[in-house]
1. Fewest first, what order do A:D200, A:D173 take by the number of other Cβ atoms within 10 Å?
2. When the chain is fully extended, how far beyond the present Cα-Cα distance does A:E281 get from A:E514, taking 0.36 nm per residue of separation?
3. Mind running the shape call on segment A:552-704? Use the C-alpha gyration tensor, a ≥ b ≥ c as the square roots of the eigenvalues: rounded below 1.5 for a/c, prolate if a/b tops b/c, oblate otherwise.
4. When a/c reaches 1.5 or more, the comparison of a/b and b/c decides; with that in mind, is segment A:460-575 rounded, prolate or oblate per its Cα gyration tensor?
5. In whole Hz, what ³J(HN,Hα) sequence does segment A:100-113 give by Karplus (6.51, -1.76, 1.60; θ = phi - 60°), x for Gly and Pro?
6. Looking at segment A:174-283, which GluC sites (Glu not before Pro) are in a loop (DSSP not H, G, I, E or B) and have at most 16 other Cβ atoms within 10 Å?
7. Any chance you could get the radius of gyration and Dmax over the Cα atoms of segment A:447-513, in Å?
8. If packing is taken as the average number of other Cβ atoms within 10 Å across a peptide's residues, how do A:327-338, A:654-665 rank, most packed first?
Amino acid sequence: MNKEYFPQEIEKKWQKVWEENNTFHTPNDSDKPKYYALSMFPYPSGKLHMGHVRNYTITDVIARFKKAQGYNVLHPMGWDSFGLPAENAAMKHGADPAKWTDENIAYMTKQLKMLGLSYDWEREVATCKPEYYKWTQWLFLQLYKKGLAYKKEAAVNWCDECGTVLANEQVIDGKCWRCDSVVEKKYLSQWFLKITDYADRLLQDLDKLEGWGDNVKTMQANWIGKSHGAILKFKVVEKDLEIPVYTTRPDTVHGITYLVVAPEYKDIEALTTDENRQAVEDYRANARKLTEIERLSTDRVKTGVPLGTHAINPFTGEQFPLWTADYALVEYGTGAVMAVPTHDERDFDFAKKYNLPMKVVIENPENPSNCEDAAYTEPGVLVNSGQFNGMKNEDAKKAITQYAVDNGFGEFKTQFRLRDWLVSRQRYWGAPIPVVYCDKCGIQPVPEDQLPVLLPTDVDFSVVGKSPITTSKAFKDTVCPVCGGHAVRETDTMDTFVCSSWYYLRYADAKNSEKCFDKDLADKWLPVDQYVGGIEHAILHLLYSRFFTKALHDLGLVGFDEPFKNLLTQGMVLKDGSKMSKSKGNTVDPDEIFENYGADTARLFILSDSPPARDFDWSDAGVEGCYKFLNRVWRMISTNQDKITLDYVIPETRSKVNDDLIRMAHISIKGITNDIANDFQFNTVISKYRELANYISDWTNKAQWTDEDKNVFSFAVITLIKLMSPVAVHMCEEIWTELGAKTSIHEEKWCEWDENLAKSSSITLVVQINGKVRDKIEVDEGLDQEELKKIALESPKARESINGKTIVKVIVVPKKLVNIVIK
RNA sequence: GCUCCAGUGGCGGAAUCGGUAGACGCGUCGGACUUAAAAUCCGAUUGGGCGAAUAACUCAGUGCCAGUUCAAGUCUGGCCUGGAGCACCA
């Protein structure tokens, strides 16, 4: 065995061996229980960054640990390979998006292999390949047939920079999630997936996801945004019209003093009088010009104009004016709001500005407010509310809604904030939406036997203001599958998030050319036991995938309805306290780390300094420290190689120092195994590697190298490299074979500990006086409470503190401490 | 504004159940080896007080203020700070 550690040689050698031996192939049929470990698959942007390294290392260690524990582990990798960057590269450099993508995949695959990740490459998928997107299209058609995919004209988010529409989830603070430019509203006819049909289940089933963090679950719950309330209908005085409003505060209905409809409200023109028409038209035109950001800003002063008409409050018979104001949103509820300025802050602001009347209907009996300075929004009792006076407002919500139901002008209503998922994109590099428009028959799905609808290659990427796909001569014109007449293809492609909403299913049966996947195989492998990825997908990808799984479940394609049993959201990789980014120039190139230190050092370091869920601050000194540690382990073993045997026998009777070394090894096995089991605390796992290695190293300085010493040392060293093998994958394999093993260390079973050996024979008894530590005494482990008490009371230091004072009581915690309470 | 998460040395972070706060590492300082450097190895490292620089002793200390308890980093209540998400959602 080489005296020095040369990671570059070792790593290359073993990567080749593992590939040739197909070491990490996962069979579908196995007697072992299954375990599915999955990292969020990457977009092939060109090169791995440290965030990838962290993500894939975490999942890889989990996969290897589970494999060693006796599971048949599925650990696949693939590519989320449709998307705008490939198209942008094509526009800028004239590259072919497919070629650009393939080159990136090739380079990044090489990097993944250099990291020593245990993937079953036979299951690799790439969403941009026809053999994959054929099935994305097929699934779209299944959703279409079920009414879950539909086309409608709607106000949608348009990003001019990207030249396409975006889903609500892709608009962050009014800006495009990808390019950060301001998003505009446009009225366009677009394809949607009916995720709102699943709003309730998506919300309720969050409770089933015990293996997900609360942060992600509450983010999803907030996004879905369920609220309970009522629809109340108000008759218009001047016209034969009715305005329904959604409210969560039916208890305040007697306090309505006006009503607001959104500028885009469907009946707004009919509700406007001739005298007010000009002002209303002006207001609406102005509202259209505002960007989403301006309109949604909470700091903005509320504005509005009266329509000139009135409605009747069916509870009181009172008439109140109708207004339009852009603080009412057309997309939410009914697009109309009943305004109760006394008990709603927004209505209050608006009423103050336009001098609208106010009427108090909820009061705190102990501290009544006239609501002149602020709205009263706390719980209270109803006043000025006729037959409902004196009721608690929470009870009145129900009673008043029931009254409206009984009298035919209201209903109970549950409302969600979630909107349908806009999936069409006016871009080239995506899966074509498989429908055609027939001159006679309208929208027609492409027959399944004609899938995939292939992306055309005769396109001009230099066009501005429209999708390159529309420049293809071959693509657009086609025949109608129903009447055989002329039809044109849909030129929009699908949001890449559609492609990534089912890839984890395809891994179960990646090469199937007959079906998107075999149901039995999907049911065998899914749900994913451990999913690992960034928090940035808390809503986007994770919500869409949950929706897809539920929809596919209802279509009978899978037998489960949640895709990811456990979710680990890893923190970001920072440098100097901020996120690594090219623009800041604080990136670290993984290639350089592999070259200078090797993959094992990179893997060890990326796990060592922070728990996986927390942000990780990269430090060059930290890398250096990990490299030194691996060198130290290597040297300790290489210089003592002649004393190590794989067939060690631990003698029955042994010296105290050897006994302690064995104990330390068992304590390490127990601690490391528990740390991994307990939320994958790899940072403490690694500190325990160091403790064990340091301990063994100290031991060698004292060793006499008797036969007993050699056997005990062998046990300790082999335990150490087995425990380290999921992390330092190449080094441990090299040491293992250098010690004479004929099989891979990655086929070895995980170490087990003996509970009796994992605890020490003596304990440190802590003696406290009034809760403060006064003494520490080494005592025998077997002593009972009375004996411990006696020892503590006899401690000279304790006696000094007691010094004639009265002992009130003595608390004994077995095997730990004695607390003497004195006065 | 609402929701969630976090706050521990110079730094990253440890601390099953409430029971020795600061594991392990980084950095720093000191020492050994060396002609010298690198590498390596050994030691110190929460702060204050009293010491002479050691040892011993002692007080304080886990964002702040209360509370529960024999005992609080850990539990309860109220705040403060930072991060993330949502946000004119009626």
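Read-outs: derived from the displayed coordinates by stated rules, not from any lab. Fair warning: this is a prediction, and the values are worked out from it, not measured in the lab. Here Cβ is always computed from backbone atoms with ideal geometry, including for glycine, and neighbour counts include all displayed protein chains.
1. Values: A:D200 14, A:D173 11.
By the 10 Å Cβ count, ascending: A:D173, A:D200.
2. Values: separation 233, 0.36 × 233 = 83.88 nm, distance 5.72 nm.
Full extension from A:E281 to A:E514 adds 78.2 nm.
3. Values: a/c = 2.67, a/b = 1.44, b/c = 1.85.
Oblate.
4. Details: a/c = 2.87, a/b = 1.46, b/c = 1.96.
Verdict is oblate for segment A:460-575.
5. Per residue, the Karplus-derived 3J(HN,Hα) values read 4, 5, 4, 5, 5, 4, 4, 5, 5, 4, 4, 5, 4, 5 Hz.
6. Numbers: sites: A:E184, A:E210, A:E238, A:E242, A:E264, A:E269, A:E275, A:E281; in loops: A:E210, A:E238, A:E264, A:E269.
For GluC sites (Glu not before Pro) across segment A:174-283 that sit outside H, G, I, E and B with at most 16 neighbouring Cβ atoms in 10 Å, the list reads A:E210, A:E238, A:E269.
7. Rg and Dmax of segment A:447-513, Cα atoms, are 15.3, 41 Å.
8. Numbers: A:327-338: 19.9, A:654-665: 17.8.
In decreasing order of mean packing, A:327-338, A:654-665 become A:327-338, A:654-665.
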